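The values are calculated or read from the model by the stated rules, or taken from the named source; none is laboratory data. This one's a predicted model, so the numbers in the text were calculated from it and none came from an experiment. Here the Cβ positions follow ideal geometry from the backbone for every residue, glycine too, while neighbour counts run over all protein chains shown.
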Amino acid sequence: MKVLVTGGAGFIGSHLVDCLIERGYEVVVVDNLSAGSRENVNPGATFYELNIGDRGLAEVFERERPEVVSHHAAQIDVRRSAAEPLFNAQENILGSLNVIINSVGFGVRKLIYASSGGAVYGEPRYLPVDEDHPINPLSQYGVSKHTVEHYLYLYARQYGLSYVILRYPNVYGPRQNPYGGAGVIAIFARQMLQGERPTIFGPGDKTRDYTYVSDVVEANISAMEWGRNAIYNIGTAVETSDREVFDLVAQAVGYKGSPIYVPLRPGEIQRICLNWGKAQRELGWHPKTPLKEGIQRTIEGYRQEGDESRH
């Protein structure tokens with residue numbers, strides 16, 4: 001089976017590509033390298049350096065004829081989405097629509113879409129949040145990710161496109177960009193490893209649902225075979241505060257310093273964690289990696305990258 005992965009040079013996408021190739025799939029990667037890295041692209045994949053909004057995407061679909069599309073390419077910075085809402089919509093809404101139109105036009109069997117459980121629901125009315133929770137995003141990023149869900153529903157009804165939407169939590173692990181606007185575990189790890197003092201926005205009680213990248217990859221693999229025109233939360237149903245993350249990363253690194261506290265950023269919700277029961281029932285998926293173990297693996301990954309860069 002041939003799978004096209006948009007954003008396959010990025011953090012989650014590249015881990016997915018590695019897993020697919022390991023399991024014998026033929027893989028095509030489309031990535032403009034704005035956030036991803038060419039070094040992340042598995043040499044066993046066919047790679048196209050291309051923006052998903054470009055007209056040239058149709059040529060890739062026509063040449064490669066993928067059976068499954070895993071759509072991970074996106075603008076993921078919440079702060080940038082607020083500062084540049086038109087750019088955010090161009091990348092996340094119009095770019096995704098181009099992927100959907102080409103999937104329909106070239107007979108793709110299934111499209112798997114990486115959405116955001118951390119951003120589409122807004123401030124939760126109850127926890128853990130399930131898929132029936134009201135949708136009230138508090139950021140332009142969240143609005144853009146949810147808008148694409150409506151397009152998928154529409155194209156399924158009108159054109160028969162089969163899809164699965166995976167609403168992600170805060171995904172973490174090796175290869176996450178420690179210089180980006182998202183990924184607090186990666187950011188803290190880099191800062192501590194380099195002897196810098198990490199910054200916590202707010203008093204440290206803001207909570208998120210942290211899920212290790214290999215568990216998220218497994219959800220994608222399951223969604224290729226199971227689930228039809230459905231939405232699934234992927235997460236752990238566990239809230240972890242910023243201060244708890246700081247302490248766990250500090251313990252793994254051996255960092256003895258304290259954080260710097262600064263005011264909260266606009267557009268960020270206070271608490272979130274995701275109910276994954278539906279994914280377990282219908283996809284046979286459940287989270288496997290405890291946070292402490294996942295952080296340890298993440299730190300080891302960054303230390304290896306640091307060692308390799310010095311040779």
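What the table below lists for this structure:
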quantity: Subset of segment 246-280 [of a type in the set (V, I, T) and at pLDDT 95 or above]; calculated: V249, V253, I260, V262, I272
quantity: Y126 of a type outside the set (G, A, S), crowded, with 24+ Cβ neighbours inside 10 Å and over 17 Å from T6 (Cβ atoms); calculated: no
quantity: Residue in segment 127-140 that is touching a residue at least 40 places away in the same chain (Cβ under 8 Å) and under 17 Å from the mean Cα position of the chain (by Cα) present; calculated: yes
quantity: Of residues in segment 225-267 being surrounded by 20 or more Cβ atoms within 10 Å (Cβ to Cβ) and within 14 Å of V164 (Cα to Cα), the one farthest from the chain's Cα centre (by Cα); calculated: G227
quantity: Identity of the residue in segment 189-223, under 21 Å from G235 (Cβ atoms) and charged (D, E, K, R), that ends up surrounded by the fewest Cβ atoms within 10 Å (Cβ to Cβ); calculated: D205
quantity: Hits in segment 257-303 (condition: of a type outside the set (D, E, K, R), without any contact (Cβ under 8 Å) to a residue 12 or more places away in the chain and in a helix (DSSP H, G or I)); calculated: Q280
quantity: In segment 94-126, the residues that are of a type in the set (D, E, K, R) and touching a residue at least 12 places away in the same chain (Cβ under 8 Å); calculated: R109, K110, E123
quantity: Some residue of segment 134-157 being farther than 26 Å from V30 by Cα, not in a loop (DSSP other than H, G, I, E, B) and not hydroxyl-bearing (S, T, Y); calculated: yes
